[in-house]
Structure formats: C-alpha cells, structure tokens
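Coordinate-derived values only; no laboratory data. Since we're looking at a predicted model, the values are computed, not measured. Heads up, the Cβs are rebuilt from the backbone with ideal geometry, glycines too, and the neighbour counts pull from every protein chain shown.
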Amino acid sequence: MPAHLLTASEYNATVQDLLGVTSRPADYFPAASSSEFDANVGVLASLSEVQSEAVFNAARDVVAKAFESPELTARLVTCTPASDTDAECPKSLVTTLGRRAFRRSLDDEEVAAYLATYQKARQSLEMGHVDAVAHVLRVMLSSPSFFLRIERPGPRKDALESAALASRLSYLLWGSMPDDALLAIAESGKLDDDAELIAMTDKMLEDPRGQRFVSQFLGQWLGTVRLSSHNVDTNRFPQWTPEVAKGVEAQANDFLSGFVTGTTPWKEVFLAPHPANTAIQPLLAADPTTFQRRGFLTLPAYLALSSHSDRTSPTARAKGVITSLFCTDMTPPPGVVTELPPEEGQSPRTVRERLEAHRRNPSCAGCHNMLDPLGLSLENFDPVGRYRTLDEGHPIDSSGVYEGIPIANVSELLPLLAEDSRLGDCAPRKLYSFAMRRSLVPEDEPRVARLSATWKAGTLRELLHHVVVSPAFRGHAEEAP
C-alpha cells in the first residue's frame, strides 16, 4: 500500500489538531526529503534510526504537554471507568483516540492491542486512569499508522478506501488530519459522489484551516513562505522593519487567498488590485499618484523575494515568472554565470548597463533576451519594493520589447503576461503535482492536458474541483493516460 511520511508542517498541524497543543516538534526533525513543494512531498521509505528516535521523542513530549493542561486533558479523556473491571470506558477511549490519530477506524486486533497496553499501564506500571490513557496515546503517536499516511484500497481495488480519501483530501486542503465530521461523511460513502466531494472541498476551504492550502500550495509554489526568513540589508533599507515585513507577508497571503476563496480568474494574478494593508505604507509612500499597483509582480513580497539583500535582480525577477508561473525550464548551460556580481572598484552603472554588457556573451544572450525585458520592467522598484526613478543616480529606463511587442513600463507588460497561454497550462501542472505528492512523470502529461483543457484557465477553486474528482486523486490505479 502506498505510504507517505507526514512532512514537518503536516506533523505539526496534526499533533496540534489532535491534542490541542501549540508545539511544533517537527521543526527539529532531521530532513526527510526535498522538492519544490517541500511542505507536501513525503517519502515512501522507512525511517532512519535518527528519524525514528525523533518521532518517539516528539510523541513523548507533545502528549506530556497536552496532559499538563486540565482543559486539554478533559477534552482527551472523556470518561472515567466505573470500576477496575470496567472495560467500556477504556475501549471507548481507544477507539475514539485511535480513529482520530490514525485517520481511520481501528480493526478488532488493534483495539485489543491498545486495550492491552492500557491494562498493562494500569496493572504492571501502576498508573492511574489518566496516565494510562496518556501512555496509550504516546504509543499510538509512535506508530507508523500515525506518522505515515497509509493509503489503503477500498472494496474496489482501483479506488482508495473512504477514510483514505478523506485523509488525502484533508492533507491537501488543511495540511492536517480529517476531523470527525469529515471521517463520518467519508465512511457514509457520500464522497463517492463527485458533487458531494466538490461540496465538501468548498466547505473545507471556507474553514479557517483552509488558509493552510493557500500558504502551503501557493506559498510554496510562488515562494511567499520564504518571506519570514528573507534577508534584507536594513542598514540600506531601514523601512524594512519587523512590523513591515509581517505586513508584506500578510498582504501577499490575502492577495493569493482571493484566488482560492473568490471568483477571480487565475489570469488576473498579473492584474488584480492589491489588498489594503496599513503596515506596509512606508514601502508605498513614494508611489506616483498616477501609478496603480496591481498583480503579484508589484507586491512588495515578490519584489523583495526576487531581490538580493542590498540590490535588485532583474534576472531573478523575470525567472520567477518564466519558471514558476509559466513552467518554462530556464536551466543554464554548465558554467554559465546567471547572476550579475556586485561591482567593486568601478564607476557605478545602472543594472540595465551591466546587463547589456553581460548579454554580449553569446552563451548568455539567448536567456537574457527572454528575461531582460521582463526583469528590467520592474527596475522602478528597489529591493524592498519601494518605487524609485533613479538607479545609482541615473534615470531608470524600464522600457523594452517583450515577445515582439514594445512596452514602456511594467503597466504595459502585465496585460501581455495575463494573456500568455503558458499561465493557464502551468497551474494545472503545479496543483496536480501538489495534490498527488510527487513530481510529474511522462504518464501524467495526458492527464494534466485534460485538466488544462477542462479548466480553461478559470478560477483556482474550479481547478481544484477538477483535481479532487479526477480518477487519479480518487486513487484509480489503472486510469488511462
């Protein structure tokens, strides 16, 4: 059976939702995998000894933390045995806690095994009822059934078991375990119906936990999850205070969230107005009254993330669009320098002048002819996203020719980017890969092409609907390519 190791963000969210704690133990786990979607791609291998020890210690620590709180203890331990021979209360707790922890109902053998663990704690270890329940929880959280998502097949071998489908859906949308309501609906068989599955998807997105989909999928894809660790030279840019940085991140999340919760077509990612955020006003103070920021590219978040700590990078700003939003490979030939080094001991030159010198190298010209018009159109924004008109004391020229069309500035470029067909073809690839927890393989290409054709570059929510009802997401192993 396919099994996916919970990633750090998933493990943290799961123990928080299960136990009610605020701990983030997986932040200190040894790294298990790396990919474009680090927050979503697990592994199919067994744990190393170091990883196993980390999981065991985390189970011990988070359970201890939960049982330090009388409120959380009462939420977890919902009954007390009427006598030492009362088996109903322990059995009820084992089945309830086990169902939540393992995201499925326990079978009879598992119930018997965990009841035996409870009884041993009471009798051999001389624990009281509450401590024995805590002991059982520690054992459950050390089980592969907790830290792995084991995708069991249902009665039909080409589809997931109902609880496994609920788990796949909850980790896609919430980055965490399904709640009792979702498990109950799944076990009733309602999610077998496409309309019910779509309705549940919408309901889950409207839950506060649905914001995790925005931060994990869009945040990983477009890089905004890196904002909290982004380095800015605050000696040169003192406007980038901790409060401003938080505001920049909040505005980016609000902007991207609108494409999931609202009805705005995805192509508007280049054109949509920005959400208001008072914390970032120091970065907007120099904006001309005749200029209106719009789209992802003029968010301070993108402008900062695609810059160095002390200077802009037109190449990185353009590459972020071409590779991330258009899914176009820009891997340079071996040995080719892709970034402009900082200038030392020379008269200051504008970035445009330096790029022109760089482009004279024949091995660089091909990529730079594609990248420079896009990147230079954003040169009116400094490394923290403030509007500027001068670079090293010289007037900035943000004009260029993009795909054969002359542009005077970024405002003229954005509508051209919005109409690029690559934008509509790229999003299905990114979401399909994220939902399936793996990189695309050649057999996926026809499936992604069908998604793109059916979606027709509509809203991200519509694309999500198409993904969750697809045979591949439902677990049909023999889906025709």
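Quick rundown of the values:
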item	result
Rg to Rh quotient for the chain, alpha carbon positions, Kirkwood Rh	1.04
Restricting the range 146-210 to trypsin sites (Lys or Arg not before Pro) in coil, as DSSP defines it, with at most 15 other Cβ within 10 Å	156, 157
Cα centroid of the range 201-237 to Cα centroid of the range 78-131, whole Å	39
Span-like helix ranges in the chain, DSSP H, alpha carbon extent 30 angstrom or more, Kyte mean at least 1.6	none
Contour minus Cα-Cα distance for residue 86 and residue 285 (0.36 nm per residue)	64.7 nm
